[in-house]
Structures are given as structure tokens and as C-alpha cells.
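The values are calculated or read from the model by the stated rules, or taken from the named source; none is laboratory data. Remember, it's a predicted structure, so these values are computed and weren't measured experimentally. Quick reminder, even Gly has a Cβ in these numbers, built from the backbone with ideal geometry, and neighbours come from all protein chains shown. To get the accessible areas, we keep the full protein, side chains included, count just its heavy atoms, and leave off ligands, DNA and RNA. Shrake-Rupley method; radii C 1.70, N 1.55, O 1.52, S 1.80 Å.
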Amino acid sequence: MPLNDVAKNLMLDALDESQAAGIDFIGVLQVGDPGTGTNFTGTEATGGSPAYARVGVTWAAAASGQKSNSGALTIEVPSGTYSHFLLMNALTGNTNNYLGHIPFGGASALKGVATVDTTLTNDQFLSVGHGMANGDRVQLFDTFGQALPTGTGLTEGALLFVVGAATDTFKVSTTSGGSAIDLTATGGGEIYWQRVVPETFGAQGQITVAASALVLDATAF
């Protein structure tokens with residue numbers, strides 16, 4: 001279903017904070033997978049002094065199939081490790097007001113598509129010039145509703161570790177430096193991958209987001 005930029009921009013501008021059902025607030029998730037359901041999974045940041053709270057966001061008009069925040073954000077967080085921004089329609093709560101997530105990483109949040117080595121003997125994914133290194137965190141997603149490859153611990157959105165990385169291939173593990181997940185079936189074809197760069201705070205701190213750093217991207221449609 002190819003969409004031109006006019007359609008993409010209309011779609012993205014429906015998420016503007018000026019719209020009743022738009023993305024009005026940005027939250028922060030403790031390290032994990034927030035999922036894509038009606039409500040996010042995992043645990044949102046909480047506590048601290050000054051106390052953590054979601055912050056309001058304003059969005060610039062969509063252009064070229066992308067839409068980004070128009071002003072800088074500062075989010076107070078207690079000690080902990082965090083991995084994703086939560087896109088929320090309300091200041092509090094997690095019932096029918098979650099609209100999606102953006103992984104930590106900013107300009108370094110690499111992403112792309114990959115296929116599985118069809119022999120399965122190498123347990124590796126092919127993605128030319130992917131740019132990831134061993135120890136990086138990565139999430140895998142199906143495309144067009146096709147099944148992911150089969151392997152113990154390989155579920156959509158799970159926060160995995162890159163192992164066995166080469167220029168054009170990589171493997172994934174459930175632990176840092178661990179054994180690669182044994183792939184037993186190739187799944188439905190191409191998968192989408194997204195690197196995540198978690199941030200750890202040993203004490204109270206601030207997550208700062210520059211203007212235009214949060215990007216809602218419809219260019220894949």
C-alpha cells in the first residue's frame with residue numbers, strides 16, 4: 001500500500017498534540033519492550049526527587065513523511081536503566097492512552113531490514129552494512145504481518161543482544177556475549193530490526209531531548 005508524502009503527512013498530523021487523540025505527552029520506560037498493544041507493557045519510570053513525570057510535547061507539521069518534536073524536552077528520572085520513550089495521550093495512566101514508542105539512541109538508533117540465512121546452520125541474519133557491533137541491543141519485528149524466524153527466545157520486540165556481528169551479517173542472543181539463538185525456521189521473509197541504546201543512571205538525573213530528535217517516521221509505508 002504505497003502512500004505519497006501528502007497522505008503520510010496527513011496521517012502523521014492526526015497524531016499532533018492539537019488533536020483529541022494525539023500524542024500529548026512523552027514518558028520513559030524502564031529497560032524492556034513496551035510492545036504495540038493498546039496499553040504498554042513493562043514498567044514506566046517512577047519516583048525520584050524531583051519526581052519523574054511525563055512531559056508535554058509539541059510537534060512540528062509533518063513534512064516528507066516525517067514529524068518531529070518542535071521543542072526540547074527535559075525528563076527527570078531516578079536511578080535506573082531506561083530504553084524507550086512512550087508516546088502517550090494522557091499525563092498519567094496506561095489504559096487506552098498509549099500510542100507507541102521510540103527507542104533510545106537518537107542519531108545512533110540504527111535500523112534496517114534483514115533476511116535469515118536459509119540454510120539455518122549459521123543462525124544469522126543478512127543485512128548489508130547494518131552498522132551494529134557485538135553487545136548492541138536490538139529488537140526484531142515482522143513485516144507485513146509475516147512470521148518471525150523460529151528460535152527459543154526470539155519473539156517480536158524482545159530486547160536481544162547482537163553477537164557474531166560481521167559487516168553484513170549478525171546473530172542475536174538473549175544474553176550479552178551468549179550463544180546465538182538457534183534458528184529452526186526462516187519465518188515469512190524480511191524482518192525489520194531496530195537498535196536500542198539504553199541509558200543507565202546511577203543516581204537522580206535528567207533525560208534531555210533536543211528539538212527534532214523524536215521522529216515519527218512514515219517513510220517505510
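Here are the numbers:
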{"item": "Subset of the range 7-21 that is more than 19 Å from the chain's Cα centre (by Cα) and assigned to a loop (DSSP other than H, G, I, E, B) - its residue that is surrounded by the fewest Cβ atoms within 10 Å (Cβ to Cβ)", "result": "ALA20"}
{"item": "Residue among LEU120, LEU99, LEU91, LEU110 that alone is at pLDDT below 95, farther than 23 Å from THR200 by Cα and of a type outside the set (Phe, Trp, Tyr)", "result": "LEU120"}
{"item": "All positions within the range 152-172 that are modelled with pLDDT under 90 and open to solvent by less than 50 Å² (accessible area, probe 1.4 Å)", "result": "GLY153, LEU154"}
{"item": "Matching residues, the range 173-194, being modelled with pLDDT of 90 or more, of a type outside the set (Ser, Thr, Tyr) and within 19 Å of the chain's Cα centre (by Cα)", "result": "TRP193, GLN194"}
{"item": "Test: residue in the range 129-146 that is surrounded by 13 or more Cβ atoms within 10 Å (Cβ to Cβ), of a type in the set (A, V, I, L, M, F, W, C) and over 18 Å from the mean Cα position of the chain (by Cα)", "result": "no"}
{"item": "All positions within the range 56-102 that are on the phi > 0 side of the Ramachandran plot, open to solvent by 10 Å² or more (accessible area, probe 1.4 Å), of a type in the set (Gly, Ala, Ser) and not in a strand (DSSP E or B)", "result": "SER64, GLY93"}
{"item": "Tabulated pairs, the range 49-77, first over 20 Å from VAL28 (Cβ atoms), second among the β-branched types (Val, Ile, Thr) and open to solvent by 30 Å² or more (accessible area, probe 1.4 Å), C-beta under 7 angstrom, 6+ apart or interchain", "result": "GLY65/THR219; GLN66/VAL215; GLN66/THR219"}
{"item": "Checklist (1) surrounded by 13 or more Cβ atoms within 10 Å (Cβ to Cβ); (2) touching a Phe, Trp or Tyr at 6+ places or on another chain (Cβ under 7 Å); (3) touching a residue at least 40 places away in the same chain (Cβ under 8 Å) applied to PRO149, failing item", "result": "(2)"}
{"item": "Sole exception among (1) in contact (Cβ under 8 Å) with a residue 40 or more places away in the chain; (2) more than 18 Å from THR118 (Cα to Cα); (3) not basic (Lys, Arg) for ILE181, by number", "result": "(2)"}
